[in-house]
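Structure, as structure tokens:
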Amino acid sequence: MSFVFSPAAVVSVPVVGSAARFPVRRVYCVGRNYEEHAKEMGFTGREPPFFFLKPADAVVPVEAGQTGQIAYPTLTKNFHHEIELVVAIGTGGSHIQAADAHKHIFGYAVGLDMTRRDLQGEMKKQGRPWCIGKAFDQSAPIGPITPAAQVPDVAQAEIAVQVGGVDRQRSNVSKLIWNIGETIEHLSAAWELQPGDLIYTGTPEGVAAVVVGDVMVGTVAGLETLTVKVV
Ligand code: MN
């Protein structure tokens with residue numbers, strides 16, 4: 001088969017302990033999945049999980065030990081970090097039960113769900129889609145994926161992001177409203193998951209703005225650190 005122009009390259013993420021990379025198919029994100037973050041966004045209580053997507057080519061893979069770079073995006077004056085545990089799907093399926101979810105997980109990584117908060121807020125107010133606030137270019141930095149077998153305690157891992165060496169967000173994955181298995185159960189009821197899908201599982205409280213020159217250092221205990229500079 002020939003194409004009228006060269007197709008875009010497959011976006012891929014490094015894998016800890018492997019020369020082979022994880023090819024990205026889709027990027028799913030969970031909204032308001034930590035109670036304290038839901039509160040800071042003006043919501044309370046446990047609502048059913050809801051999802052949005054980012055394009056696969058919004059992913060900015062950062063190699064182990066490197067500092068990734070993202071450009072300060074257009075149109076915003078309030079560019080926020082959201083530190084998140086990312087689940088990488090290795091085996092697809094639909095209607096996956098929470099108890100079986102682990103069979104579908106390839107591994108885990110540290111991710112940042114970067115957000116044009118002012119634009120997201122405007123869209124919310126008008127009842128319009130969040131795309132312009134969430135699904136823009138370079139909005140999904142991610143560090144190397146660690147295979148699941150090497151991180152048995154990820155459900156109890158500390159999660160944090162520092163900017164300029166100062167804590168901005170610090171919490172624990174155990175505080176997820178919908179845990180990893182439950183998230184996969186809900187998500188796979190709505191979409192058939194496939195190998196290569198990434199799930200950004202939600203952010204804890206403390207989301208805040210970054211400016212040009214800021215360096216974000218994101219961590220989830222047991223995973224590779226994600227360091228990203230805004231340029
Ligand atoms: Mn998020």
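The values are calculated or read from the model by the stated rules, or taken from the named source; none is laboratory data. Model, not experiment: these values are computed from the prediction. Methodologically, a virtual Cβ is constructed for each residue, glycine included, from the backbone with ideal geometry; neighbour enumeration extends over all protein chains shown.
Odds and ends about this structure:
- Selection status of Leu75, crowded, with 16+ Cβ neighbours inside 10 Å and either modelled with pLDDT of 95 or more or within 14 Å of the chain's Cα centre (by Cα) (or both): no
- In this entry, Ala190 is excluded by the filter for residues that are over 29 Å from Asn78 (Cα atoms) and either touching a helix residue (DSSP H, G or I) at 6+ places or on another chain (Cβ under 7 Å) or of a type in the set (S, T, N, Q) (or both).
- Residue in the stretch 177-191 that is closer than 24 Å to Gln120 by Cα, assigned to a strand (DSSP E or B) and within 16 Å of the ligand (Cβ to nearest atom) present: no
- Looking only at residues in the stretch 66-86 that are of a type in the set (S, T, N, Q) and part of a loop (DSSP other than H, G, I, E, B), the one that is nearest to Ile159 (Cα to Cα) is Gln66.
- Residues of the stretch 28-51 that turn out to be within 11 Å of the ligand (Cβ to nearest atom) and small (Gly, Ala, Ser), as a count: 1
- From the options Lys54, Lys77, residue that is under 22 Å from Val210 (Cβ atoms), of a type in the set (Lys, Arg) and within 16 Å of the ligand (Cβ to nearest atom): Lys54
- Some residue of the stretch 153-164 being out of contact with any Pro (no Cβ under 8 Å at 6 or more places or on another chain), in a loop (DSSP other than H, G, I, E, B) and among the β-branched types (Val, Ile, Thr): no
- For the stretch 87-119, the set of residues classified as part of a helix (DSSP H, G or I) and either crowded, with 24+ Cβ neighbours inside 10 Å or of a type in the set (D, E, K, R) (or both) consists of Asp100, Lys103, Arg117, Asp118, listed by residue number.
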